[in-house]
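Asks: I am attaching a structure below and will ask some questions about it afterwards.
The numbers here are math on the coordinates, done by the rules we state, and not lab data. Remember, it's a predicted structure, so these values are computed and weren't measured experimentally. Positions of Cβ are backbone-derived with ideal geometry, glycine not excepted, and every protein chain shown enters the neighbour counts.
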């Protein structure tokens, strides 16, 4: 067979070029395959647990209790979810190691200090809508569980409380009745402590009543760095906030923040 000398001259070079291109393409395919495999099997970080969406057929997380710490109002749980381990906080419950827990929403708190435990959690999730039984998926989504707000209004007005208004202050009934007038302003209120939740979101949460009411608004919630005990009669001064949102479904129509307890 006759080959043109000019073509024959460049044939080895073309062969080498073709081999190099083929080698490059094969290497690129292998590298892409490695990347795809790494992406599909990569482990989730602790941050991704809180931030990532739940599977499409469920809106809850399933965790197993590994360790727990009790306080007067909250239970702190070290839990495992698949191959991850992290801390969550729930309204106080009778926890046992090995128990299953399911939850929907959570509020991430970093460098959170529990005064009762005298411990700083590098990262803890305050969990909402937790249950010990698995929710049943319906029409591709999990049913809504009963909402839990932190801390909730006292269920009933305490009888026998009848206090005089603080000097230069207002009553709880007056505050609720004219809430728009007081929004964003400092007020003074006197009341008896009917509920206390300390060390939540770096605040102490105190509920007071003074015996007055505007419709069914008789319980006033305030946050403070000060401490008060159940049954104490206290004078407080703080700023009124309306429609206050704390995230993860925690909201108040009216609350007093940055209060000073006297």
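Asks: With no solvent and one equal point scatterer placed on each C-alpha of region 59-140, evaluate the Debye formula and give log10 I(q)/I(0) for q = 0.18, 0.22, 0.26 Å⁻¹, two decimals.
Replies: -0.72, -1.06, -1.43
Asks: Using R₀ = 45 Å, calculate the FRET efficiency as 1/(1 + (r/R₀)^6) where r is the Cβ-Cβ separation of residue 262 and residue 82; round to 0.05.
Replies: 0.35
Asks: Within 10 Å, count the other beta carbons around each residue, average over each peptide in 63-69, 206-212, and list them highest first.
Replies: 206-212, 63-69
Asks: For 239, 221, 133, what ranking results if the residue with the fewest other Cβ atoms within 10 Å of its Cβ goes first?
Replies: 133, 239, 221
Asks: What is the percent of Cα-Cα separations in region 172-261 that go past 23 Å?
Replies: For region 172-261, the share of Cα pairs beyond 23 Å comes to 15 percent.
Asks: Right, another one. How do 77-84, 197-204 rank on mean C-beta neighbours within 10 Å, highest first?
Replies: The densest-packed peptide leads the list: 197-204, 77-84.
Asks: Moving to a separate point now. Do you know the relative contact order of region 172-261, to the nearest whole percent, from alpha carbon pairs under 8 angstrom that are 6+ apart?
Replies: Across region 172-261, relative contact order equals 32 percent.
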